[in-house]
Structures are given as C-alpha cells and as structure tokens.
1. Could you do me a favour and compute the accessible area per residue for the chain, 1.4 Å probe, result in Å²?
2. Rounding to the nearest 10 and keeping the result within 0 to 90°, find how far the Cα-based axis of helix 212-224 lies from the longest principal axis of the chain.
3. What percentage of all Cα-Cα pairs in segment 1-99 are separated by more than 20 Å?
4. Between segment 1-52 and segment 346-422, what is the C-alpha centre distance in whole Å?
5. Which loop-located GluC sites (Glu not before Pro) does segment 357-447 contain, where loop means any DSSP state but H, G, I, E or B and the Cβ has at most 16 other Cβ atoms within 10 Å?
6. Rounded to the nearest 0.05, what FRET efficiency do ALA182 and HIS84 give with R0 = 56 Å and r taken as the Cβ-Cβ distance? Could you check?
7. Using every pair of alpha-carbon atoms in the chain, split the distances into 10 Å bins beginning at 0 and state the percent of pairs per bin, rounded to integers.
8. Using a 10 Å Cβ count of at most 14 others and DSSP loop calls, identify the longest part of the chain lacking such chymotrypsin sites (Phe, Trp or Tyr not before Pro).
Amino acid sequence: MTAADPRYPLDLVGVGIGPANLSLAALADDQPDLRTAWYEQRPDFRWHPGLLIEGTTLQVPFLADLVTLADPTSVWSFLNYLRHQRRLFPFYFAERFHSSRAEYDDYCRWVSEQLPALHFHHRVDAVRWNAEHAVFDIDLTPLGRPDEGGATGRVHARNLALGIGTAPHVPEQLRPLIDASATAPVIHSAGYLEHRDRLLAAGHVTVIGGGQSGAEVFLDLLRHRPAGAERLHWISRSPAFSPMEYSKLGLEHFTPDYTRYFHALPEQTRDQLLSRQWQLYKAIDADTLAAIHEELYRRSVAGGWPDVVLTPGVGVRTAGRIGAHQLELHLDHQPDGGRSRLLTNAVVLATGYRERPLGSVLAGLDADIRTDAAGRPLVTRDYRLVLDPEITGGIYVQNAERHTHGVGAPDLGLIAHRSATILNALTGEARYPLPERTAFTTFGAGAQPEAQGSQGARGARGAQETGGPEPRAVAPLPPPRHIPV
Ligand SMILES: Cc1cc2nc3c(=O)[nH]c(=O)nc-3n(C[C@H](O)[C@H](O)[C@H](O)COP(=O)(O)OP(=O)(O)OC[C@H]3O[C@@H](n4cnc5c(N)ncnc54)[C@H](O)[C@@H]3O)c2cc1C
C-alpha cells in the first residue's frame, strides 16, 4: 500500500517543516496508528539562519520546546536532547532559562534528523480535492540531485497541515533599493549574517526598523565597527524604541485561555485589538535595549560620542540609488512634520515578515475556502480552515491564523499546545489531554467556560467548523519511548 495510490491515503501530510510542523510531526510520531508524511523545500532544518547572531537568545523559556507544554514525557523534549548530547549537567549549572537561538536551531535539527516521516528538499506545489476518493491530491517537486532519490509526483492524504510560515517583507517605498547586482548592499535582515562582512566594510550603514531584528542587527554592527568611526544610523517608524511587554500577567496573552477569548470575538473587534497590541510582539526585548545602551556608553568613556544616530518616529517616504555606491533615503519625521535626506552606503531592511499566502499552495481550493469580510480564511478554534461542506478532509493551519487566534499565532510557547489541539481534533480523541485553564487573568466580561465543541469564526457554521468531534475521553497514552544515549 502506497500513499501514491488514492485508495490508501495518508492520515496527515504536512507542508513546510519549521518549528510549527516539526512540533506536530513530533507529537504525531507518538501516535503509531497515524500514517503521516512531511515535506520541506529546504535541504535540511534551518531556523532563521541569517539571524543566528552570536549571543542572541530565544524570547521564550526552554520549556517552550516542540512538545513539553503538551507532553513533558515525549522523547522529543529539549531536556532529552540535552541528555542525548550528554550536556544535562552543564545546562543545569548554566541556569539559563532562555536558550541561545543557535541551540534551539540545533535542538530542532536533532529532532528533524530522527523523525522518519520527514522529507527535506521537496516543495509542495499544489493541493486539490479528489472527490472520488475523498482525499487531497498533493503535488510535489523533489529539489535535490537525482541520485538523492525523492518522492516525485503525487501523494494523497485525508488531512493536511500547512506550516509554511512567513517570508521577509519589504514595504513598497523601499523596493526601488533592491538590486542584487548593485555594489551598495541593501539586504533584508533575514539574510544579515550572509552579508555581514560587506556591511561591516561599508562606509556608512543605515538600519531601518525598530523591532527585535533591527535592534539585534544594529547592536551587532555597533559592536564590530571601529570606535569613534561607527558611522551608523538606526531609524524606526515607531514613536520610540520600545521594550517588549514581558510582565508575568502581560505574558498571559500568550495562553490558550487568551486565544480562546480572542477567537470568540467579532472580526472587527479582533482587528482593532491586534493593531493595539504591537508592544506584545513587535517591540524590543529589554535586555537588547540595555545591551545597546551599554555598548554606546562604553564607547563614550574615553570622551566624545559614538558616531551613531538613533531616531524613532521616522518614516521613509521614498528611496533610490545614486550611482554604484550611494543610496538616498527621503525621511519624514513624524512628531514634528519635518523632512530630511539621508545618504548612506548600505541599508539593512529590518522591516519584518508577512504570513506566506495560503494561495501559494492552495490555489486549487480557492473557491472552497470560506473567508471573512476582509477576505481572510475563516479558521475554527481547533485551527481548521472552514471549507465547502463537500470537502470532508481537514486542512489545519499553523501560524496563518493571527487574525482569528491573536498574537499567540507565531509564538513558540503555544506551538506544542496547538499541535496537540490539532491531533485531538483530527483523531476525535483526547490523545493529548490539555489543561482547561491556563491563565490567572479572566479575559472578557466573564469567565470563559470551556465550550462544548469548537466555536468557528463569526458567521461560519456547519460541520466543517468543528474540525472533528471534541475530545471524548482521555485515552491512555502509549508508554514513553527511549532514544539510546
Ligand atoms: C529571527 C526570528 C526569531 C524569532 N524568535 C522567536 C522567539 O524567540 N520566540 C517566539 O515565540 N517566536 C520567535 N519568532 C517567531 C516564530 O516563532 C518563528 O518565526 C518560527 O520559525 C515560526 O515557525 P513556522 O514553522 O510557523 O514557520 P517557518 O519557521 O517560517 O517555517 C516554514 C517552513 O515552510 C517551508 N515552506 C514554505 N512553503 C513551502 C512549500 N510550498 N513546500 C515545502 N516547504 C515550504 C519554508 O521553507 C520554511 O522552512 C522568531 C522569528 C524570527 C524571524
């Protein structure tokens, strides 16, 4: 029996292997009755390689690994990775609650190298509904060398999990700067490390963007350019270089309780809330801000000020190239309405990421995906797209549901819980029992009772919404497996 035969479909196919689908694959691996396959276009697992800057850490505790917050007994936990690496004691003495980014990347790769159903170097091109066999037809292109051997063509599955993540975003007015062949480098922060040497060698560098990536790139350049001749500019549209909300109760916005509350709100209210919550996820970690100040202070001790300009409240109106070596930015100073012109030799666009459009994979199902007033897909509470009722298979999304599930959608702290929710919905059983309450805060006017059955996004009703029955009873979990160490 082969997944290439629609009569014997897989239970679940995952598209993309970032942390989100890797978490789902890890939890699914402990469900021996589930037949799954996972496809990733990259040759192997890499987590934001362009920003693995030395010294950067996760912004979530190590407990927010791929599995622990749903199943602390899983062999795919961060602690078991350390055990496997024989580094448990050093980790214990290091007392590090926030692991380095490089270590998280290495941990995920360790998991990815052992899960048998993962296929790297495969791009998923298209998905269609096959009504005759009630399965999804999934078209793949192997990207490796022919001798690497890859599953060509088509596989079939009853359910799909889209974990295609985000792609670097460049605002319209900055696009004229992009020209890979030009001498003066203009790069998105996602590719920072690859171009770092060119940036360090440039006469003057401008970093655009006041989020975490902009701060990290600015700090790294500052630390490595000569004292007194830093020649760095850092500008941000935000009114201040603001710290990320990291209070204990503030963090409860990243709980399943808050997600449930948010999901039940009307679309317009959700949109208004999201636009006001930027400090929960778009601002800068306070330690990074402190490190920048520390470095600037250190450089001023011998007298004189470092040659840097840090200005919030500045937007780029237009931008262009002047000859081979210069870039020109026309700036609007928002608080006072002033305008200025900045000449620079290199630009780092720390302008963020946008969710990859689902249409890049699901174009064949466009007419079957139910959308909200703004044209975005409706997503049930258990992360299932609301589809035409004729389509009986489920399409689950990970990290494409900020508009329906709130600020927690991209957060690593919620991925294990989301994966468990998806597996429970898909199997119709509480394979992973989940806590009923996760926050001390009561969100909304009254308590949020655990609803019986999923609440679909407003305006969506019908069988598709429930994403399968709610968990019925706690099924006994299989005994933990052990990886030889
Ligand atoms: C630098 C950086 C640091 C971050 N740090 C944190 C943090 O500390 N804490 C936190 O909570 N969040 C953090 N985030 C946010 C978020 O958790 C991460 O972006 C995370 O990687 C999201 O995981 P993902 O699996 O959804 O998507 P991605 O990691 O983007 O993975 C998606 C994958 O899908 C693949 N893909 C796309 N289309 C196809 C296709 N058609 N076929 C096959 N493969 C495909 C892509 O190649 C990619 O590998 C950070 C984000 C960035 C950019």
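The values are calculated or read from the model by the stated rules, or taken from the named source; none is laboratory data. None of the values given here were measured: they were computed from a predicted structure. Cβ atoms come from the backbone with ideal geometry, glycine included; neighbour counts cover every protein chain shown. Note: accessible area is taken over every heavy atom of the protein model, side chains too, but ligands, DNA and RNA are not part of it. Shrake-Rupley method; radii C 1.70, N 1.55, O 1.52, S 1.80 Å.
1. Spelled out: the 1.4 Å probe surface of the chain, per residue, equals 47 Å².
2. Here the helix axis deviates by roughly 40 degrees.
3. Roughly 52 percent, rounded to a whole number.
4. When both Cα centres are located, 17 Å separates them.
5. Counting only loop positions with at most 16 other Cβ atoms within 10 Å, the GluC sites (Glu not before Pro) in segment 357-447 are GLU390, GLU436.
6. Rounded to the nearest 0.05, the efficiency is 0.75.
7. Taking all Cα pairs of the chain, the binned fractions are 4, 18, 27, 26, 17, 7, 1, 0 percent.
8. Between the exposed loop sites, the longest stretch runs 247-439.
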